[in-house]
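Before any comments, here is the structure.
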Amino acid sequence: MFTFKNVSVEFRTSRGGLCAVDRVNLDIPRRKFVCFVGPSGCGKTTLLNAAAGLISPSTGTIYYGDAPRGGFSKKIGYVTQNETLFPWRTAAENVRLALELEQLPQEEMRSRVTHYMRLVGLDQFHDHYPRQLSGGMRRRAALARTWIYQPETVLMDEPFGALDAQLKLVMQRQLLQLWESSRSTVIFVTHDLAEAVTLADQVVVFTARPARIKAVRNIDLPRPRDPYRLHFSPEVQAICSELWNLLEDELTGETLQ
Amino acid sequence: MTDQASRTSLALSGAAPVRRKLTNSIPPHMLVLAVRIALFAAVLAVWQFIVTPIADPFYVSSPSRVAVRLWEWMTDGTVVVDLLYTMESTFIGYAAGSLAGVAVGFLAGRVKFIGDVLDPFFDALNSLPRVALGPLFILWLGIDLAPKVLMVASLVFFVVMANTRAGVRDVNPDYINVLRIMGADEQTILRKVILPSAAGWIFASLQIALPWALIGAVIGEMIASDKGMGYQILHSGGILDSTGIFAGLVVLMIVGLILTHLIRLVERHSSRWRVQDGK
């Protein structure tokens, strides 16, 4: 689906160039769930922003399908790390946003919003404004806002990073339910190894900045998966410690710098 | 009073909350209202019974004289003509200035190049005392309604423009990206993100600009006019009639209060999402 060919991203700063992503070559297969893990600040988000089209790579090309990645379209959804629900809209109005752009009939909008609000467990909170919702509820609304327009590909940047461990599991389960029902291609950035292993078909491990691909590990656990059970299971723990060995070198490098 | 205080401290120290008796407590907003009315009455009483007898009514008039004058104005209809004239230039100028202010503010805030080019010109123009432009406005537009409208608009424009520009520049870029990623065009982004996000700033400026509109109209009438509240006040001053001046000021104050409250109502409705339990 997504193909990164020799993609580098460099930022110009007052101290000169800062290389965030260094010659990444990667192929994201269609309908797969791929997780990016790596030390924080390594450039995973930058790569995701490039995939979303918010920044363009300094060198190299990102292909979507067979063609180089073009302008913005409903084919690619992006759930960012930041809270981006519009505070002046209620939860349901936020979730409805993409449908308004398509100018769907009121009746259809309402039924789809109701459906997705129920999927993420917010059916009691249609008329609440974001500031009246808890952090987890806002996250779920943000998920629904993207999934409601059924993008072919969904990019997610540490969507559950700020949540506590239990809530994270609840959210992972909901995310997998959403994904099973639509089977979009997903690129999911996280620094939580267990989360990556629980969710992904493929985990891509990045080095410390500038982000290079250190390893690609396929996760062959059967689907559908239940994060509640899987999270503490020996299989997941084993893969995690394997990935941790890869990451550890990168983290030591970081502290020495 | 001491009873009240001890209850509060108890509640703060974590003891079980004590239910207040309804019978011997006045709701706070009623208390505020009562003190307000008392304060207003006290000011009037001091004016009527202390200031006026000590100073010369020729200079300070008195509430009773002002009230009688207002009654006369209302019954013979003169105040209606003057007030309508002032309101006309206030409203037309306010509407035109606000619309232009919002439009230009959007442009200067959204298109960085235009903003960068125009900002110093706006600063320069805005630093001109508008009264000083009065003669020019009259030279161009005569002495009827038009120069007053322009005076009002020139004051309102800068207040609204500067705030709109700041509001548009303040929009969270993440919000814009949300729509951009969904493939929205610039016009949709304007309508669905920038306008609602900047609405708070714009409303604040509309409220600030309202007294300025009234000021502009009155100044315009004082420079050259044969009608309007500004003219009326200037005329009263010309014939050494302090009662007429005060009566004119009272009328302007009442009008200003009404307008400010109207704007506040609109704002409260449009920004209900800011209120914690807003419904």
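The values are calculated or read from the model by the stated rules, or taken from the named source; none is laboratory data. In this text the structure is predicted, and so the values were computed from the model without any measurement. FYI the Cβ positions are ideal-geometry reconstructions off the backbone, even for glycines, and counts take in every protein chain you see.
Summary of computed values
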read-out	value
Hits in segment B:115-133 (condition: small (G, A, S), assigned to a helix (DSSP H, G or I) and under 26 Å from the mean Cα position of the chain (by Cα))	B:A124, B:A132
So B:L234, is it closer than 28 Å to B:I138 by Cβ and either at pLDDT 95 or above or in contact with a helix residue (DSSP H, G or I) (Cβ under 7 Å, 6 or more places away or on another chain) (or both)	yes
Condition check for A:V7: farther than 27 Å from A:L178 by Cβ, touching a strand residue (DSSP E or B) at 6+ places or on another chain (Cβ under 9 Å), free of Cβ contacts under 8 Å to residues at least 60 places away in the same chain and crowded, with 16+ Cβ neighbours inside 10 Å	yes
Tally of residues being among the aromatic types (F, W, Y) and more than 18 Å from A:L26 (Cα to Cα) across segment A:61-93	4
Search result, residues across segment A:136-154 that are within 12 Å of chain B (Cβ to nearest Cβ), within 27 Å of A:P39 (Cα to Cα) and buried (at least 23 other Cβ atoms within 10 Å of the Cβ)	A:A142, A:T146, A:V154
Residue identified as over 30 Å from A:K74 (Cβ atoms), of a type outside the set (D, E), more than 14 Å from every other protein chain (Cβ to nearest Cβ) and assigned to a helix (DSSP H, G or I) among B:L107, B:L136	B:L136
Single residue of segment A:78-97 satisfying the filter (under 27 Å from A:T46 (Cβ atoms) and within 18 Å of the chain's Cα centre (by Cα)) that is surrounded by the fewest Cβ atoms within 10 Å (Cβ to Cβ)	A:N82
Given (1) over 17 Å from B:G230 (Cβ atoms); (2) not in a helix (DSSP H, G or I), number of the condition B:I143 does not satisfy	(1)
Pair list, Cβ under 9 Å, 6 or more apart: segment A:187-201 residue over 22 Å from A:I76 (Cα atoms), other residue of a type in the set (G, A, S) and in a helix (DSSP H, G or I)	A:L193/A:S241
Qualifying residue in segment A:73-82 (condition: modelled with pLDDT under 90 and more than 14 Å from chain B (Cβ to nearest Cβ))	no
Residue within segment B:146-163 that is surrounded by 23 or more Cβ atoms within 10 Å (Cβ to Cβ), more than 14 Å from chain A (Cβ to nearest Cβ) and of a type in the set (S, T, Y) present	no
Residue check for B:T75: surrounded by fewer than 11 Cβ atoms within 10 Å (Cβ to Cβ), in a helix (DSSP H, G or I) and modelled with pLDDT under 95	yes
Residues within segment A:236-253 that are in contact (Cβ under 8 Å) with a residue 12 or more places away in the chain and farther than 20 Å from A:Q166 by Cα, tallied	9
Selection count, segment A:208-218, where residues are in contact with a strand residue (DSSP E or B) (Cβ under 9 Å, 6 or more places away or on another chain) and either within 17 Å of A:R173 (Cα to Cα) or surrounded by 21 or more Cβ atoms within 10 Å (Cβ to Cβ) (or both)	2
Those residues of segment A:56-68 which are closer than 16 Å to A:T185 by Cα and touching a residue at least 24 places away in the same chain (Cβ under 8 Å), in sequence order	A:I62, A:Y63, A:Y64, A:G65
Count of residues meeting criterion [assigned to a helix (DSSP H, G or I) and not aliphatic (A, V, I, L, M)] in segment A:4-52	4
Conditions (1) more than 22 Å from B:I176 (Cβ to Cβ); (2) of a type in the set (S, T, Y); (3) facing chain B (nearest Cβ under 9 Å); number of the one not met by A:S111	(3)
Residue in segment A:161-183 that is buried (at least 21 other Cβ atoms within 10 Å of the Cβ) and in contact with a strand residue (DSSP E or B) (Cβ under 6 Å, 6 or more places away or on another chain) present	no
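Condition check ((1) in a helix (DSSP H, G or I); (2) in contact with a Leu (Cβ under 6 Å, 6 or more places away or on another chain); (3) within 14 Å of another protein chain (Cβ to nearest Cβ)) across all residues:
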{"residue": "B:Y175", "(1), (2), (3)": "yes, no, yes"}
{"residue": "B:P196", "(1), (2), (3)": "yes, no, yes"}
{"residue": "B:G200", "(1), (2), (3)": "yes, no, yes"}
{"residue": "B:W212", "(1), (2), (3)": "yes, yes, no"}
{"residue": "B:G220", "(1), (2), (3)": "yes, no, no"}
